Amino acid sequence: MNYDELKPIFSGKRAVILGFGREGKSWLEILLGLNVCSEIAVADINELEIPNVTVISGEGYLEKCAEYDLILQSPGVIIKDDLDEKAKSKILTQTELLLRLHPCKIIGITGTKGKSTTSSLVYHFLRASGISTMLIGNIGVPPLKRLGEMNEDTAAVLEMSCHQLEFVHHSPDISVLLNIFPEHLDHYVDFNAYANAKRNIARFQQKGDTAIVNSALLPVESSAEIITAALDDDADITTNGKWISILGSIIPAEKIQTSLCGKHNIYNIAVALTAAVKAGADLEKCLRALPEFNALEHRLERVAEINGVEYINDSISTVPEAAIAAVKAFDGVDCLILGGMDRGISYDILGEFLNRGEVANVVLLPDTNERIAKLITNPNVNVVFAKNMEIAVGLSSELAKKRVVLSPAAASYGFYKNFEERGKHFKQLINEIKGRSV
């Protein structure tokens with residue numbers, strides 16, 4: 001598709017880019033290339049200097065955006081109730097524009113957890129089947145970045161965050177809704193607002209489209225064919241962590257050759273296989289390609305084994321359910337590192353799990369350390385506090401005899417730029433221990 005086809009949308013309009021991260025910079029590149037806007041502005045909480053562009057920054061920058069014809073939102077900019085409904089009606093995201101233009105077949109994937117792995121698996125399976133494909137969206141490539149490469153023979157795998165879905169009015173051809181847990185509540189007025197953003201992935205689908213939905217999230221508002229997915233339950237897609245059942249066909253365990261750990265990842269594989277086949281992939285080719293797929297960085301990533309102790313990096317974990325899944329993915333986790341930014345989410349389910357005593361040592365980081373500690377009442381669980389990652393890793397190396405897992409169940413903000421930086425720091429510390437042990 002030619003970028004010139006975007007000109008009628010922006011011609012003569014005063015457009016403001018809300019947020020100047022990766023996607024905001026992509027917006028600016030597109031608008032400057034089109035050269036049809038009557039004014040281009042960039043609004044960001046941070047002070048910026050951008051030549052030949054109006055800059056809006058500091059307190060009240062959101063309210064000033066309401067004066068423009070189009071508000072080009074970047075994911076992650078917190079709006080909540082800071083803009084009224086009239087201003088919100090002007091919001092246009094790259095995700096919405098891509099879905100509206102529909103230049104190719106689009107497979108959209110979302111969920112609180114597992115969306116990056118599942119999106120990457122679908123992309124891997126499509127490539128293995130010889131289908132022209134690309135991986136875009138929340139995975140790190142702005143949705144419109146590769147618009148010029150899209151045509152009717154392309155299948156775009158679009159990882160979609162809640163932020164990218166919040167203001168859409170169109171949905172992909174194939175949608176995947178893996179799960180919804182309390183998350184990003186600092187960005188939304190309540191959990192229902194967050195969940196509704198996620199549900200937009202299927203809400204605007206038409207007859208002939210496909211929605212793959214975790215059965216726990218039924219019913220869904222969609223005109224698409226609904227395919228249900230579940231762990232250990234009666235659904236169109238299910239698994240016991242070994243074999244996979246897809247739409248009535250059972251794939252035996254011996255055909256599921258993967259390095260991915262955990263029952264939840266077998267679920268992700270099952271869903272990804274179904275989405276890929278619905279997009280035209282060959283199931284047998286997908287299964288043959290599965291062993292070549294490796295875990296993504298910071299997602300149950302094996303870092304090193306030192307003196308008989310294995311270290312696992314699951315820095316992507318920002319909710320209790322993810323930490324529980326991480327422990328269940330391995331035998332003999334005897335030290336779990338938890339904690340980070342306190343967003344007020346409930347840790348009751350994590351406390352109940354830890355009180356079973358399956359993890360002998362729990363190392364807690366601020367700011368959630370005190371809250372989690374109060375929930376651990378089993379006297380056989382050794383709870384220790386660490387004021388930073390360096391101390392946490394040092395304590396873990398002394399306490400563990402078999403396996404240490406970093407699965408924080410909390411966001412990294414306030415301590416790290418993002419979960420990637422947190423995971424890289426953890427790996428650096430582990431490699432330093434490895435270097436000293438040689």
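Of the residues E85, E149, ranked by 1.4 Å probe accessible area with the largest first, the sequence reads E85, E149.
With the cut-off at 1.5 for a/c, could you classify the stretch 5-50 from its C-alpha gyration tensor as rounded, prolate or oblate? Before the final figure, lay out the partial values.
On the way: a/c = 2.47, a/b = 1.81, b/c = 1.37.
Prolate shape, in that a/c is at least 1.5 and a/b is the bigger ratio.
Quote the FRET efficiency, to the nearest 0.05, computed for I349 versus N294 with a Förster distance R0 of 35 Å and r equal to the Cβ-Cβ distance. For I349 and N294, the calculated efficiency is 0.75. The residues V333, V141, sorted by heavy-atom accessible surface at 1.4 Å with ligands and nucleic acids left out, run V141, V333 from largest to smallest.
Counting only lysines at least 8 places from K417 when in the same chain, those with an alpha carbon closer than 25 Å to its own are K25, K80, K113, K115, K145, K198, K387, K427.
Extension gain, Y3 to K424: 0.36 nm times the residue separation minus the Cα-Cα distance gives 147.9 nm.
Note on I391 and F330: their simple-model spin labels are 2.3 nm apart, each label 7 Å out from Cα toward Cβ.
Measuring only protein heavy atoms, the 1.4 Å probe finds D186 accessible over about 50 Å².
Among the aspartates and glutamates, select those whose C-alpha is under 17 Å from the C-alpha of K424, and discard any that sit fewer than 8 residues away in the same chain. Of all the aspartates and glutamates, those that pass the test against K424 - Cα under 17 Å, at least 8 places apart if same chain - are E297, E301, E305, E310, D314, E390, E432.
Highest GNM mean-square fluctuation among P103, P291, P219, for the chain modelled with Cα contacts below 10 Å: P219. Over the Cα atoms of the stretch 316-438, the radius of gyration divided by the Kirkwood radius equals 0.94; this is the Rg/Rh ratio. When DSSP beta bridges are restricted to pairs lying wholly in the chain, around 20% turn out antiparallel. The Cα center of the stretch 31-73 and the Cα center of the stretch 234-288 differ in position by 45 Å.
Using 1/(1 + (r/R0)^6) with R0 = 41 angstrom and r between the beta carbons of N192 and S437, what's the FRET efficiency to the nearest 0.05?
Values: r = 50 Å, r/R0 = 1.21.
Between N192 and S437 the formula returns 0.25.
Across the chain, the mean sequence separation of Cα contacts (distance under 8 Å, 6 or more residues apart), normalised by length, yields a relative contact order of 11 percent.
The Cα atoms of the stretch 37-101 give a gyration tensor whose axes a ≥ b ≥ c have a/c of 1.5 or more with a/b no greater than b/c, which makes the shape oblate. Computed from label points 7 Å out along Cα-Cβ, the spacing between Q257 and D234 is 3.6 nm. Measuring with a 1.4 angstrom probe and ignoring ligands and nucleic acids, Y68 comes out at about 10 Å² accessible.
The candidates F20, F10, F415, arranged from most to least accessible area with a 1.4 Å probe in the full protein assembly, appear as F415, F20, F10. Accessible surface for R146 stands near 70 Å², nearest 10, in the context of the full protein assembly shown (1.4 Å probe). Solvent-accessible surface of the stretch 1-131, averaged per residue with a 1.4 angstrom probe and all protein chains in place: 43 square angstrom.
Extension gain for D282 to S245 (0.36 nm times residue separation, less C-alpha to C-alpha distance): 11.7 nm.
Using C-alpha pairs below 8 Å separated by at least 6 residues, the relative contact order for the stretch 322-438 is 34 percent. Its residues counted as N, the stretch 276-362 yields a C-alpha radius of gyration over 2.2 N^0.38 Å of 1.40. For A43, the residues whose modelled amide H falls within less than 5 Å of its own, excluding neighbours fewer than 5 places apart on the same chain, are I17, L18, G19, I56. Listed values for the stretch 29-44 are Karplus-derived 3J(HN,Hα) couplings in whole Hz (6.51 cos²θ - 1.76 cosθ + 1.60, θ = phi - 60°), namely 4, 5, 5, 5, x, 6, 6, 10, 6, 6, 7, 10, 10, 10, 10, 8, and x replaces Gly and Pro. Label separation (E221 vs L32): 4.0 nm, computed from points 7 Å beyond Cα along the C-beta direction. Over all directions, the projected convex hull of the C-alpha atoms in the stretch 238-324 averages 6.9 nm² in area. For a 19 Å ceiling on Cα separation, which of these pairs sit above it: K105/K207; K374/K402; K278/K328? Pairs exceeding the cut-off: K374/K402; K278/K328. Under the rule a/c < 1.5 gives rounded, and otherwise a/b versus b/c splits prolate from oblate, where does the chain land using the Cα gyration tensor? Since a/c reaches 1.5 but b/c is at least a/b, the shape of the chain is classed as oblate.
Within the accessible area of the chain, what % is carbon and sulfur when the probe is 1.4 Å and the other protein chains stay in place?
Numbers: 8710 of 18570 Å².
The computed percentage sits at 47.
Suppose R0 equals 45 Å; then what is the FRET efficiency for N46 and T377 from their Cβ-Cβ distance, rounded to the nearest 0.05? Efficiency computed from Cβ-Cβ geometry: 0.55. Phi angles across the stretch 152-158 convert, under the Karplus curve 6.51 cos²θ - 1.76 cosθ + 1.60 with θ = phi - 60°, into 3J(HN,Hα) values of 5, 8, 9, 10, 9, 8, 10 Hz, Gly and Pro given as x. Mean sequence separation of contacting Cα pairs (under 8 Å, at least six apart), scaled by the length of the stretch 219-288, corresponds to a relative contact order of 22 percent.
The values are calculated or read from the model by the stated rules, or taken from the named source; none is laboratory data. Model, not experiment: these values are computed from the prediction. Please note: Cβ atoms are built from the backbone with ideal geometry, for glycine as well, and neighbour counts cover all protein chains shown. We work out accessible area using only protein heavy atoms, side chains counted, and drop any ligands, DNA or RNA first. Shrake-Rupley method; radii C 1.70, N 1.55, O 1.52, S 1.80 Å.
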